[in-house]
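Encoded as structure tokens, the structure appears first; notes follow it.
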Amino acid sequence: MALGDSLTEGLDDPGPDGEYRGFADRLAAHLAHGAADFRYANLAVRGRRMRHIFGEQLEQALVSAPDLVTVHAGGNDLLRPGADLDELAAAFERGIRRMRAVGIRTVILSGHDTGWIPVLRAYRGRIAVFSMHLRAIAERTGSDIVDLWAMASLNDPRAWSVDRLHFNAAGHRIVAARIAEVLGAPMGPREVWERPWDTPPPQLPRILRRRETLRWTREHLVPWLSRRALGRSSGDGRLPKRPELTELDGDAGDDRGHLPL
């Protein structure tokens, strides 16, 4: 079962049917291969905050009692002015402890480094502090952790969609492969997620980078900030795409082997 917000929902990784897939769906397809009676649910919804993820999503997980839960939470909270990182971490730990108390194996995903992204690099320190909280929570609760900050491959623009807020298909495959390795079910050699490209990312001239940043700010960042200022979310009125644990065909769509980048 997967808990979280837009990254876990799968933005921006459209599948053949037009629905978003994402790292959680890719991981589930991989784990389902050859497994009898494998069931999977994805409760993530874009825009969801800590109170939702460790509210209704957590309660559904406790009722369903899965063997394994992945959790990515906090991004929509810590980017808000005045958010208390210590309080967010405490809420996160309470939720993890409730799952661990009933025997659910939990995999925590930390924040990623935004140092390479203009404007968003201003949040880099807050993300780093919260990620250290998550590492401590994993240690105290006996949870697994996937440290996205430590993954240099995610500092490559080729892993991100044009909005610079969500992984693209390549980024989702990288994250799924890293989680699979932590779980002891690798999708292939370490290079699958550590060095998925044979060449460095292309470098635009400085003037073109500035134009691209201005365009991105106008088309993606300003609308995102405006929604938050108005108390709105892109996920308002949306329901989870896979709300119940249902069987998954492990013979279709798994991501074993090298990433087709």
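The values are calculated or read from the model by the stated rules, or taken from the named source; none is laboratory data. Please read all numbers here as calculations on a predicted model, not as lab measurements. Here the Cβ is made from the backbone with ideal geometry for all residues, glycine too, and neighbour counts use every protein chain on show. Keep in mind that these areas ignore ligands, DNA and RNA; they rest on the heavy atoms of the full protein, side chains included. Shrake-Rupley method; radii C 1.70, N 1.55, O 1.52, S 1.80 Å.
Results, tabulated for the structure shown:
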{"quantity": "Using a Förster distance of 41 Å, the FRET efficiency for R80-D37 (Cβ separation, nearest 0.05)", "calculated": "0.50"}
{"quantity": "Fraction of accessible area attributable to carbon and sulfur, the chain (%, probe 1.4 Å)", "calculated": "52"}
{"quantity": "DSSP bridge pairs, the chain: antiparallel proportion in percent, nearest 5", "calculated": "30"}
{"quantity": "Long-range HN-HN contacts of G74 with modeled amide H, under 5 Å", "calculated": "M50"}
{"quantity": "Projected label distance in nm at E247 and T213, using a 7 Å step from Cα toward the beta-carbon", "calculated": "5.3"}
{"quantity": "Formal net charge of residues neighbouring N42 (Cβ-Cβ distance under 13 Å; K, R +1; D, E -1)", "calculated": "+2"}
{"quantity": "Three-way shape call for region 100-226 based on the alpha-carbon gyration tensor, with the a/c threshold at 1.5", "calculated": "oblate"}
{"quantity": "Nearest-20 debye value, the chain charge dipole, Cβ charges on Lys, Arg, Asp, Glu", "calculated": "1200"}
{"quantity": "Three-way shape call for region 1-136 based on the alpha-carbon gyration tensor, with the a/c threshold at 1.5", "calculated": "oblate"}
{"quantity": "Cβ charges +1 (Lys, Arg) and -1 (Asp, Glu), total dipole of region 80-172, debye", "calculated": "160"}
{"quantity": "Cβ crowding within 10 Å averaged over residues, with 146-158, 182-194 ranked highest first", "calculated": "146-158, 182-194"}
{"quantity": "For region 6-20, Karplus couplings with θ = phi - 60° (6.51, -1.76, 1.60), whole Hz, Gly/Pro x", "calculated": "5, 5, 6, 4, x, 4, 10, 10, x, x, x, 8, x, 7, 5"}
{"quantity": "Largest-first ellipsoid semi-axes for the chain, taking √(5λ) over the Cα gyration tensor eigenvalues, angstrom", "calculated": "27, 23, 18"}
{"quantity": "Dipole magnitude of region 1-93, debye to nearest 20 (Cβ charges: Lys/Arg +1, Asp/Glu -1, about Cα centre)", "calculated": "100"}
{"quantity": "Using a Förster distance of 25 Å, the FRET efficiency for R94-R158 (Cβ separation, nearest 0.05)", "calculated": "0.10"}
{"quantity": "Förster radius 25 Å - calculated FRET efficiency between E19 and E56, Cβ distance, rounded to 0.05", "calculated": "0.70"}
{"quantity": "M187 long-range amide H proximity, modeled H, under 5 Å", "calculated": "E181"}
{"quantity": "5 angstrom amide H check on F38, placed H, neighbours 5+ away", "calculated": "L248"}
{"quantity": "Shape call, region 168-250: gyration tensor on alpha carbons, a/c limit 1.5", "calculated": "oblate"}
{"quantity": "Ranked by how many other beta carbons lie within 10 Å on average, peptides 41-52, 200-211, 132-143 from highest", "calculated": "41-52, 132-143, 200-211"}
{"quantity": "Positive-end extreme of charge dipole, region 1-156 - chosen from H72, F38, G82 (charges on Cβ)", "calculated": "G82"}
{"quantity": "Inter-label distance, nm, simple model (7 Å from Cα along the C-beta direction), R195/R135", "calculated": "2.4"}
{"quantity": "Per residue accessible area of the chain, 1.4 Å probe, in Å²", "calculated": "48"}
